[in-house]
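To keep things clear, I will list the structure first and then write my remarks on it.
Bear in mind these aren't lab numbers, they're just calculated from the coordinates by the rules spelled out. Values in this document were obtained by computation on a predicted structure and should not be read as measured data. No Cβ is skipped: glycine too gets one built from the backbone with ideal geometry, and neighbour counts run over all protein chains shown.
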Amino acid sequence: MTVTFCNGKGGAGKTTLALLLGSALADAGRRIGIIDRDPQRTATRWIETTKPASIEMAVEGVNYEALIIDTPPRLESPLVHDSVRQADKVILVSSPSPADLWSSQDTVKMIRAHHPLQKAAILFNQVQRQTVLARDLESIAERIGLPSLRHSISRRQAYQHALVLGWKALDSVAREETLQVALEIITF
């Protein structure tokens with residue numbers, strides 16, 4: 001299975017979530033390969049720096065249970081288009097912020113241009129629980145034009161620390177939240 005994480009803007013959390021969700025699946029016993037197509041190479045640097053035992057940069061010819069593709073934050077990039085075409089599932093990462101609505105709508109148009117019937121969903125990131133926006137995720141997803149995953153990722157310091165410390169930076173609540181999202185992605 002190949003899962004592409006995308007959004008037409010930077011700062012949505014694509015790379016962090018691609019790595020953490022890959023780590024969650026690996027922690028559950030799956031062999032996970034990461035393909036880093038973002039010119040910033042954050043995923044590559046994260047793996048080189050944290051040296052996780054659980055996930056690795058994808059190597060051609062190696063059989064992975066899941067390949068996770070991290071994409072650049074520019075819809076005009078051929079790397080984004082190729083990544084969406086290659087994917088079995090596309091995850092559009094977005095905050096529930098109204099400002100992210102427009103870039104997410106543009107990303108949905110690009111996804112549908114390549115795979116009108118492709119399995120695609122929105123993963124809401126940096127959700128502040130008990131807020132109006134958190135209660136309105138389904139409506140926001142409808143306006144964006146894709147269904148949202150049932151699970152979302154909360155705003156937590158641990159996720160920011162994970163880029164420095166790796167999977168071990170997550171407390172048990174954050175790990176469980178991440179695992180629930182990862183399991184939902186592989187089963188939708």
If Trp102, Trp46 are placed from fewest to most neighbouring beta carbons inside 10 Å, the sequence is Trp102, Trp46
Roughly speaking, what is the stretch gain from Ser97 to Arg150, that is 0.36 nm per residue apart minus the C-alpha to C-alpha distance, in nm to one decimal? 17.3 nm
Just grab the label-to-label distance for Arg41 and Gln86, each label 7 Å out from Cα along the Cβ direction, in nm (one decimal). 1.8
What is segment 7-135's relative contact order, in percent, from Cα pairs under 8 angstrom and six or more apart in sequence? 28
Shape category assigned to segment 2-187 from the gyration tensor of Cα positions, a/c cut at 1.5: oblate
Arranged by the count of other C-beta atoms within 10 angstrom, fewest first, what order do Phe5, Phe124, Phe188 take? Phe188, Phe124, Phe5
Sites matching trypsin sites (Lys or Arg not before Pro) across segment 86-188 that sit in DSSP coil, with at most 10 neighbouring C-beta atoms within 10 Å: Arg129
Of all GluC sites (Glu not before Pro) in segment 55-140, which ones are in loop regions per DSSP and have a Cβ with at most 14 other Cβ atoms within 10 Å? Glu60, Glu65, Glu76
Let's see if you can work this out: charge +1 on each Lys and Arg Cβ, -1 on each Asp and Glu Cβ, no other charges. What is the dipole magnitude of the chain about its Cα centre, in debye to the nearest 20? 200
Compute the length gained on full extension between Arg129 and Gln160: take 0.36 nm times their separation in residues and subtract their Cα-Cα distance, giving the result in nm to one decimal. 9.4 nm
